[in-house]
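Read the figures in this text as sums done on the coordinates, not as results from a lab. Keep in mind that what you see is a predicted model, and the values were worked out from it rather than measured. Using ideal geometry, Cβ is built from the backbone for each residue, glycine included, and neighbour counts are taken over all protein chains shown.
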Amino acid sequence: MFVLLPLARAEETPVAGDALVVGSIGDASRLVPILASDSASGDIVGLLFNGLLKYNERLEIVGDLAESWLVSPDGLTLTFTLRPHLRWHDGAALTAEDVRFTYERLIDPAVRTPFSSSYELVQSLEVLDPRTIRVQYKEPFAPALESWMMGIIPKHLLEGQDLNTTPFLRQPVGHGPYKFKRWKTGELIELAANEDYFEHRPQLDRYLYRIIPDQATLFLELLTHGIDLASLTPLQYQRQTSTPAIARQFQKFRYPSFGFTYLGYNLQDARFRDVRVRQAINLAIDKDALIQGVLYGLGSAATGPYPKESWAYDPAIRPPPFDLEAARRLLGEAGWLDRDGDGWLDREGQAFRFTLMTNQGNEVRRQVAELIQRQLKLLGIDAQIRIIEWSVFVHEFIDKRRFEVVLLAWNLSRDPDIYDLFHSSKTKEGEYNFIGYSNPEVDRLLIEGRRVFDQTQRQAIYRRVHRLLYEDQPYTFLYVPDALPIIDSRFRHVVATPIGIGYNLIDWYVPQPEQRYRRMAP
Amino acid sequence: MRYLLGRVLGLVPVLGLITILSFGLMHLAPGKPTDAATQFNPKVSLEVRQRMEQLYGLDQPLPVQYARWLSRLARLDFGRSFIDDRPVITKIAERLPLTIGINVLVVLLVWGLAIPLGAWAALRPGSVFDRATTVFVFLGYSVPTFWLALIVMALFGVRLQWLPISGLHSLDAEAWPWAWQAWDLARHLLLPVGVMVFVSLAGISRYMRSSMVEVLRQDYIRTARAKGLPETRVVFHHGLRNALLPIITILGFELPALISGSVVMETIFALPGMGRLFYEAVMARDYAVVMALVTIGAVLTMLGNLLADVAYAWADPRIRVSARA
């Protein structure tokens, strides 16, 4: 969704040249796709390496290195055919052997990759010819398609090396739209356009990734054009970038991020096992007030685990009305009434009091907790806020189930599979159904959703999951925050889509007269 | 000589204790270096998380981990970072020159400014100059560093556009002739160094002032004046030299500070120095980097103390005599 459309410009033909300077809070750590677990490494690796598949701007799975792919009718075999004439940045041919090599490193127990779980169901991977790979699964696994978006790494450069410590981690050779040029730790990573990229050469000659660890400095650098692209905070978006001068110099975008903030109930607690109590809390929390209060309106109310853009989102589910009376009625049915007239609901002589826990260091989350505390007080529920350092919070309270209600957020991948969050088998210490949710129908649907590849069928399944979760309220889904990128207005062809703005980076360009950085010799 | 040897040998058990304590504390803090990559990511199964911990040797009992670390240290090997698997020593070497450079510059400027300021103020206690410097240095002492940093950035960087806001180099500075590069570097350093000097003036200049006031009250100064020495000789030869003695002690304490860097300044000005390295390592539970920095810091602190003692003994005959006795 466009918020500030750049003023209509005369049609121009894209020209090569100029550089894009991106500001980032953190530095990268390892520039190899199967080891890149932090977001900065992910940003860079995504420009150097492609996967077999990718999401397009409408969040559909399409071929990337793979020209075509085939799912067998029983869902057990995936066959990928690579595009012809793929080349590494050093000129070597990229073949099916590289794909096999990548897979073998991913499942190699000595490689310190956190991504191996997605390949556990693979029975075998065969190279049929230099352009064809066949993957056999033990059982059908639809989220597997997403796992083949993993960047492919070069066999000819990495074979026989210890992948954990190879110098390649800091001077990678990829095959993507940009080539690695240099990395000054803690300062800058520089990439240069790949002249031979299979789609077409990126228009922008260079991609510079500046590491600026302070949000305020990042913003000042943006104002003075030291960087071209950054993410804004809601406050910066609404209050500090609204002058006409800034509107002229920058394009601002706004689209929902893939994640949601929620209240999670410990369902072992008798009070929260009663679905009426959870529904009542959902009715009594005014999500729009939260979004206005802490995100300056830059978010949307959530009704389930999917953002509106996802095909798994059921649009028939409306955000619940803010209705204190209905909430009181539900609580009354559950036996919670203010019998002693002290303003707090009680049952069997116990007032309704619980600890709302969240992690330290997240200002927005602290404010949300306070607003919820105030809103629940109107209902007669006493929520005590406790803010705990992240590691302690996870290890001592979440993992050991020592909480009543937590305020947290999930950032999820684009595939709607949420087996790990809500399936009743995922409740061991360290697993993610820490609330202890169990609904046989949800269990069945979550398994089925993994076994079916057809998107229409999966859509029906996950919309049903969305509906059931909404009715059961194991979480109170609060809101989906918006992503708020801002970019210098000299860049053309930047558009916001459900997947964000970066998907067509190779088409961005700057008209000749506006180019800021001199052309580099190729 | 024997005094020196005894002092050095006495440091070894202290160092051992410091490393055991910091190793224990570091591991007592909840969380593991592998958490950032694996935690709260539904795509990472429990088994994979445990395997990652095994691969880094984090499943071993603490004494075993400490013994491994110590045996590596004996071979002067600080191990590899858990974050990017690079040798810790490389990571430190990469950051050290900037931090030492900035700190030496700051210390020189602070001392160069604070000693004359303090001494001058002490000559005329209560004068306008004395009061003005007091207000000035305490302004620097009490203003929050990050706030001042942002204000000068907004003023000189955004409003006036005289100076770059953050970082060390302009984007394509590598291609420039060296004189331009040096000018570029100086422009980038002006704001952070300026702020750091301003906020640390107070300490040394106040020390200098009180020490000088103290000395000027001594009998030997009165004697020197009484025997008709010119005032400049009284102040510089007899006064200043004696007033500098306690200041030398402080210099010794500054040795470890030279490599520690400032988290706040380096973060705000986006300078890749030691402060940020340490802070980020603690946050990520990067045990290898933290332990290396703690150990180096401890060694330098002890050396600094030793150096101050030696310098003191050299400057003040009374100490030499009493040590020998």
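Tabulated results
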quantity: Trypsin sites (Lys or Arg not before Pro) restricted to segment B:1-99 and DSSP loop, no more than 12 other C-beta within 10 Å; calculated: B:75
quantity: 13 Å Cα-Cα reach of residue A:426 towards aspartates and glutamates, excluding residues that sit fewer than 8 places from it in its own chain; calculated: A:399, A:443, B:47
quantity: Dipole axis of chain B (+1 Lys, Arg; -1 Asp, Glu on Cβ), positive-most option in B:140, B:207, B:65; calculated: B:207
quantity: Neighbour net charge for residue A:156 - beta-carbon separation under 11 angstrom, K R +1, D E -1; calculated: -3
quantity: Helix axis angle, A:440-451 relative to chain A longest principal axis, alpha carbon, degrees; calculated: 10 degrees
quantity: Chain B - mean residue ellipticity at 222 nm from DSSP helices (-39,500 (n - 2.57) per run, n ≥ 4, rounded to 500); calculated: -24000 deg cm²/dmol
quantity: Three-way shape call for segment A:49-166 based on the alpha-carbon gyration tensor, with the a/c threshold at 1.5; calculated: oblate
quantity: Sites residue B:47 and residue B:163 - FRET efficiency at Förster radius 60 Å, r taken between beta-carbons, to 0.05; calculated: 0.70
quantity: Filtered GluC sites (Glu not before Pro), segment A:292-367: DSSP coil and at most 14 other beta carbons within 10 Å; calculated: A:348
quantity: DSSP-defined antiparallel bridges as percent of all bridges, segment A:259-482, nearest 5; calculated: 65 percent
quantity: At 1.306 mPa s and 10 °C, Stokes D of segment B:185-325 from Kirkwood alpha-carbon radius, µm² per second; calculated: 86 µm²/s
quantity: Longest site-free stretch - chain A; sites: trypsin sites (Lys or Arg not before Pro), DSSP loop, at most 15 other Cβ within 10 Å; calculated: A:139-307
quantity: Size of electric dipole in the protein assembly as shown: Cβ of Lys, Arg +1 and of Asp, Glu -1, about Cα centre, debye, nearest 20; calculated: 3020 debye
quantity: Added length on full extension, which subtracts the Cα-Cα distance from 0.36 nm per residue, residue A:495 to residue A:97; calculated: 139.7 nm
quantity: Gyration tensor (Cα) of segment A:265-401, equivalent ellipsoid semi-axes in angstrom; calculated: 25, 21, 16
quantity: Test item: A:380-393 mean partner chain Cβ contacts at 10 Å; calculated: 2
quantity: Charge dipole (the protein assembly as shown, unit charges on Cβ, about Cα centre) - positive-most of B:112, A:356, A:216; calculated: B:112
quantity: Taking segment B:89-324 and dividing mean pair separation by its residue count, relative contact order in percent (alpha carbons under 8 Å, at least six apart); calculated: 26 percent
quantity: FRET efficiency estimate (nearest 0.05) - Cβ-Cβ, residue B:100 to residue B:8, R0 22 angstrom; calculated: 0.40
quantity: Rounded to 5, the percent of DSSP beta bridges in chain A classed as antiparallel; calculated: 80 percent
quantity: Low-density loop positions, GluC sites (Glu not before Pro), segment A:110-157 - DSSP coil, at most 16 other Cβ in 10 Å; calculated: A:120
quantity: Theoretical FRET efficiency, 1/(1+(r/R0)^6), r = Cβ-Cβ of residue B:142 and residue A:387, R0 25 Å, to 0.05; calculated: 0.30
quantity: Potential extension, residue B:151-residue B:172 segment - 0.36 nm per residue separation minus Cα distance; calculated: 4.9 nm
quantity: Approximate spin-label separation residue A:60-residue A:108, in nm, with each point projected 7 Å along Cα-to-Cβ; calculated: 3.8 nm
quantity: Taking chain A and dividing mean pair separation by its residue count, relative contact order in percent (alpha carbons under 8 Å, at least six apart); calculated: 22 percent
quantity: For chain B, built as a Gaussian network whose Cα springs stay under 10 Å, the top-fluctuating residue of B:107, B:48, B:14; calculated: B:48
quantity: Geometric extent, Cα atoms of segment B:19-74 - Rg, Dmax (angstrom); calculated: 12.9, 41
quantity: Chain B: most fluctuating residue of B:102, B:259, B:296 per GNM, C-alpha cutoff 10 Å; calculated: B:296
quantity: Whether segment B:89-324 is rounded, prolate or oblate, judged on the alpha carbon gyration tensor where a/c under 1.5 counts as rounded; calculated: oblate
quantity: Net charge of neighbours whose Cβ lies under 11 Å from the Cβ of residue A:336, counting Lys and Arg as +1 and Asp and Glu as -1; calculated: +1
quantity: Ellipticity estimate at 222 nm from DSSP helix runs (n ≥ 4, -39,500 (n - 2.57)) divided over chain A, nearest 500; calculated: -7000 deg cm²/dmol
quantity: Set of lysines with alpha-carbon distance to residue A:179 below 30 Å, sequence-local pairs under 8 removed; calculated: A:54, A:155, A:252, B:43, B:91
quantity: Over segment B:34-186, relative contact order from alpha-carbon pairs under 8 Å, at least 6 apart, %; calculated: 7 percent
quantity: Average partner coverage of A:116-127, which counts Cβ from other chains inside 10 Å; calculated: 2
quantity: Per-residue mean of C-beta atoms belonging to partner chains within 10 Å, peptide A:432-439; calculated: 1
quantity: Rh by Kirkwood over Cα pairs, then Stokes-Einstein D for the protein assembly as shown at 0.692 mPa s and 37 °C, µm²/s; calculated: 106 µm²/s
quantity: Given charges at beta-carbon only (K, R positive; D, E negative), |dipole| of segment B:1-101 in Debye; calculated: 320 debye
